[in-house]
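Student: Mind having a look at this structure? Questions to follow.
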Amino acid sequence: MARFSSPERQAERISRHLHRIGVVASIRTANGYSGALKLYAEWLNQRGVQLENGTREQALQYLDQRSEQVGQSALNLDRQAIDTYRCTYQSQTDKLPVLKSEETHALKSRAYSQEQIKAITMRQSEPYQLATAICASAGLRAHELFTLCKGTKEQPPSDRDWEASRHVRAKGYTYTVVGKGGLVRTVKIPYDLSEKLETLKLATPRTVTDRGIRYEQRYDIPGGNKVSASFTSASKRALGWSRGVHGLRHTYAQQRLKILAETFQDYERALRTVSHELGHLRPDITLIYLR
């Protein structure tokens, strides 16, 4: 397909063509696809990639980042627009999975108590017990377990105006993880959990794939969908229900906000600090975690 002068121009031409050939039924949908493809093309261009050369993995990375920036309806539109483009112009038949908006997902999730977390981990095998404990103590997303790296030399934090008070009163060793949109942030893992984790350090990093996205893994610890499945199964056995492993981030947010608000006597500063510790691109997402 010919290249156009800008992502906006290219997206407009593509959406009009999709409508003209009957792939997209309405002008309204075509306009929605145009906006979605423009943003995706701009994201690819920032990485030196043309829209026509975008890969499935890049599409998943983009949607993963968007899942924190927009609600479920907008995220679904993005996925549908990209899938339609891939199918029509790249002859791809492997449709992208449905991702959940973190905003929508957060509204449906609630924190676990420490007693509930303990009951859940007792019903998990040892590798998954450690994975759950690290997620709970450091506020990690399940897929971020794949990206754990001790210190900040190998994997420096992303360039961002980080709140200087991150990790105040948090005891443990500093690690980095890669979150949504490739944002690298520091986390604190308690000393005892770090000691267990270091016994699982790989001699050579390996590449793993979860939900179609590749990660460089430095520790032989489960992550991603396997951790989510283990946690959900164990929670149902222990409690009769599950709010998902994502609920551990709610627990972390609520506990840290309480500690930091007492320390700073400044709620806004405490909220901003917790938001940065969680790696949120939008601080208002953190408010949802506090319900």
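Student: Dipole magnitude of the chain about its Cα centre, charges +1 at Lys/Arg Cβ and -1 at Asp/Glu Cβ only, in debye to the nearest 20? Don't skip to the end; give the middle numbers.
Tutor: On the way: 45 positive and 30 negative charges, 101 e Å.
Taking the Cα centre of the chain as origin, the dipole is about 480 debye.
Student: May I ask which residue of Val24, Gln80, Gly35 lies farthest towards the positive end of the charge dipole of region 7-99, with charges of +1 (Lys, Arg) and -1 (Asp, Glu) on Cβ and the Cα centre as origin?
Tutor: Farthest along the dipole direction, towards plus: Val24.
Student: Now for a separate question. Hey, got a sec? Which trypsin sites (Lys or Arg not before Pro) in region 7-48 land in a DSSP loop and have at most 15 other Cβ atoms within 10 Å? It would help to have the intermediate numbers written out before the result.
Tutor: On the way: sites: Arg9, Arg13, Arg16, Arg20, Arg28, Lys38, Arg47; in loops: Arg47.
Those satisfying the criteria are Arg47.
Student: Taking the structure as given and computing Cα extents along the principal axes in Å, which label from (i) 60, 43, 41; (ii) 59, 39, 32; (iii) 54, 46, 41 fits?
Tutor: Answer label, from the structure shown: (i).
Student: Hey, another quick one. To the nearest 10 degrees, how steep is helix 72-89 against the longest Cα principal axis of the chain, on a 0 to 90 scale?
Tutor: Taking Cα atoms only, the helix is inclined about 50 degrees.
Student: On a straight-distance basis, which aspartates and glutamates could pair with Lys171 in a cross-link, Cα separation under 15 angstrom, same-chain partners fewer than 8 positions away excluded?
Tutor: Here the aspartates and glutamates satisfying the reach criterion relative to Lys171 are Asp192, Glu195, Glu277.
Student: Against the longest principal axis of the chain, how steep is helix 126-138, in degrees 0 to 90 to the nearest 10, with axes from Cα atoms?
Tutor: 80
Student: Which loop-located trypsin sites (Lys or Arg not before Pro) does region 116-212 contain, where loop means any DSSP state but H, G, I, E or B and the Cβ has at most 14 other Cβ atoms within 10 Å? Kindly include the intermediate steps, with their values, before the conclusion.
Tutor: On the way: sites: Lys118, Arg123, Arg141, Lys150, Lys153, Arg160, Arg166, Arg169, Lys171, Lys180, Arg185, Lys188, Lys196, Lys201, Arg206, Arg211; in loops: Arg123, Arg141, Lys153, Arg160, Arg166, Arg169, Lys171, Arg211.
The qualifying sites are Lys153, Arg160, Arg169, Lys171, Arg211.
Student: Which shape class, rounded, prolate or oblate, goes with region 7-99 when its Cα gyration tensor gives a ≥ b ≥ c as root eigenvalues, a/c under 1.5 marks rounded, and past that a/b bigger than b/c marks prolate? Walk me through the numbers before you get to the answer.
Tutor: On the way: a/c = 1.39, a/b = 1.23, b/c = 1.13.
The shape class here is rounded.
Student: Would you mind counting up the charge near Ile213? Only other residues with Cβ under 10 Å from its Cβ, with Lys and Arg at +1 and Asp and Glu at -1. Don't jump to the answer; show the numbers that get you there.
Tutor: Numbers: positive: Arg56, Arg211, Arg214; negative: Glu57, Asp64, Asp210.
Spelling it out: positives minus negatives among the neighbours equals 0.
Student: Give me Val98, Val184 ranked fewest to most by other Cβ atoms within 10 Å of their Cβ, as a rough exposure proxy. Kindly include the intermediate steps, with their values, before the conclusion.
Tutor: Values: Val98 11, Val184 18.
Placing the least packed residue first, the sequence is Val98, Val184.
Student: Given the -39500 (n - 2.57) contribution per DSSP H run of 4+ residues, what per-residue ellipticity at 222 nm results for the chain, rounded to the nearest 500 deg cm²/dmol? Please report the intermediate quantities before stating the final value.
Tutor: Details: 12 runs with 154 residues, N = 291.
Computed mean residue ellipticity for the chain: -16500 deg cm²/dmol.
Student: Now, a different point. Once the Cα atoms of helix 56-69 and of the chain are each reduced to a long axis, what angle between those two axes, in degrees from 0 to 90 to the nearest 10, is obtained?
Tutor: The two axes meet at around 70 degrees.
Bear in mind these aren't lab numbers, they're just calculated from the coordinates by the rules spelled out. Predicted, not measured: the structure shown is a model, and the values here were computed from it. As a convention, Cβ positions derive from the backbone with ideal geometry for all residues, glycine included, and neighbour counts pool all protein chains shown.
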